[in-house]
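Visitor: What follows is a structure written as structure tokens; I'll ask about it next.
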Amino acid sequence: GYWQNDFETRFEYDETDDQLHATAEIKQDMEKPYPMDRLLCGDVGVGKTEVALRAAFKCVMGGKQCALLAPTTLLAWQHYNTLLSRMEAFPVKIGMLSRFRTAKQQKETLRGLQAGSVDIVVGTHRLLSKDVKFHDLGLVIIDEEQRFGVKHKEKLKENFIGVDMLTLSATPIPRTLALILYGDLDVSILDELPPGRQRTDTFLVNETYRARLNGFLRKEVQAGHQCYVVCPSVEEGETESGKAAQVWAETLRQRVFPDLQVGLLHGRMKGPEKEAAMAEFARGKTQILVATTVIEVGVDVPNATVMVVEDADRFGLSQLHQLRGRVGRGPAKSY
């Protein structure tokens, strides 16, 4: 297909065989006379977004519009920036509907969607609102499908009848189970890691390892890497026990790593504060980032090699899995 070749020639990207296979399946589906309903499954970091970008590109090159639905504003923002940088060589107009955009910007995007001048729109469940009308919608990509509630899913089905659907999920499930859980969907599974990536080693340790663990964090930072420390709550007293992000960040700053830059990120911070905290970590200014599960999806800092999850028993399996996917995104060994 011309669309793939054109996309490939302008981007340096080594695709795995799995990605090529999934892309080919999606392409065939999109060319059929009836709507696609495909689930793209794969561990965090295997390159689902890359396959989804190709589908979006094909949709737009075919003269139709594409909507990308994400469960959190942070993830939507990241997808928006990825699309901007990946599509800048092409005449593709990208819009965004979320609280990160001003009312004026959102109005412009809504007008553009109705007129057909906006090709791809990214947003949270705001995309399901009544005022969002498309000129000619061809494809809906749903990221992290398991994070949307039943009501959202029903609304999706109502809003987007007869449109190609591509659903992405990072919760790893065996193919046989996928067929039962998603019996009405076609399933593509990505299992290969992109070239130069390594599997992340996972260990369970108790409080007696604390000093060794802190020493390990320091060693990784000295080697030029960065670390996440994830806490189950924002403030103390919210739950019976467990480390609270605000208090723990202070403890690390004052007592454990007074010579290092320790950042803080949680869901109650205002949008611009969150962005600033994330940007400082992405730029390498912050070496250790203490966070709640707001970093669970979509945060991509290839230089981060260690994640410590405090009170891991307080998180669900899918959450732990997602969290682990925040490290191992670069060539270095991650833990």
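Visitor: Mind pulling the angle between the C-alpha long axis of helix 73-87 and the longest principal axis of the chain? Nearest 10 degrees, somewhere in 0 to 90.
Guide: The answer is roughly 60 degrees.
Visitor: Sorted by average packing, counted as other Cβ atoms within 10 angstrom per residue and highest first, what order do 26-39, 303-316 take?
Guide: 303-316, 26-39
Visitor: Which order do peptides 317-324, 49-56 fall in by mean Cβ count within 10 Å, highest first?
Guide: Packing order, densest peptide first, comes out as 49-56, 317-324.
Visitor: What is the dipole size for the range 25-92, taken about its Cα centre, with +1 at each Lys and Arg Cβ and -1 at each Asp and Glu Cβ, in debye to the nearest 20?
Guide: So the magnitude is around 140 debye.
Visitor: With a 1.4 Å probe and all protein chains left in place, how much accessible area per residue does the chain have, in Å²?
Guide: For the chain, the per-residue accessible area is 49 Å².
Visitor: Of the peptides 260-266, 132-138, how do they stack up when ordered by the mean number of other Cβ atoms within 10 Å, highest first?
Guide: The packing order, highest mean first, is 260-266, 132-138.
Visitor: Assuming 0.36 nm per residue, please report the length gained on full extension of the stretch Glu31 to Val205 beyond their Cα-Cα distance.
Guide: 57.6 nm is the gain from fully extending Glu31 to Val205.
Visitor: Let me ask something else. For helix 150-159, what angle does its Cα long axis make with the longest principal axis of the chain, in degrees from 0 to 90 and rounded to 10?
Guide: Tilt relative to the chain: about 20 degrees.
Visitor: Once amide H atoms are built 1.01 Å from N in the peptide plane, which residues 5 or more positions from Leu289, or in another chain, come under 5 Å H to H?
Guide: For Leu289, whose amide H was placed from the backbone, the distant partners under 5 Å are Cys227, Tyr228, Val229, Gly263.
Visitor: Turning to a different aspect of this structure: 5 Å is the cut-off here: which amide hydrogens, built 1.01 Å from N in the peptide plane, fall below it relative to Met96, excluding neighbours closer than 5 in sequence?
Guide: HN-HN under 5 Å from Met96: Val122.
Visitor: Calculate the translational D of the range 68-167 in whole µm² s⁻¹ from Stokes-Einstein, where the hydrodynamic radius comes from the Kirkwood formula applied to all Cα pairs, the temperature is 10 °C and the viscosity 1.306 mPa s.
Guide: Reported coefficient: 116 µm²/s.
Visitor: Considering every Cα-Cα pair within the range 244-308, what fraction, in whole percent, is farther apart than 20 Å?
Guide: That fraction is 21 percent.
Visitor: With everything on Cα atoms, drop me the angle between helix 210-222 and the longest principal axis of the chain, reported from 0 to 90° to the nearest 10.
Guide: That works out to roughly 60 degrees.
The values are calculated or read from the model by the stated rules, or taken from the named source; none is laboratory data. Note that the coordinates shown come from a computational prediction; the quantities given were computed from them, not determined experimentally. No Cβ is skipped: glycine too gets one built from the backbone with ideal geometry, and neighbour counts run over all protein chains shown. SASA here: full protein model, heavy atoms, side chains in, ligands and nucleic acids out. Shrake-Rupley method; radii C 1.70, N 1.55, O 1.52, S 1.80 Å.
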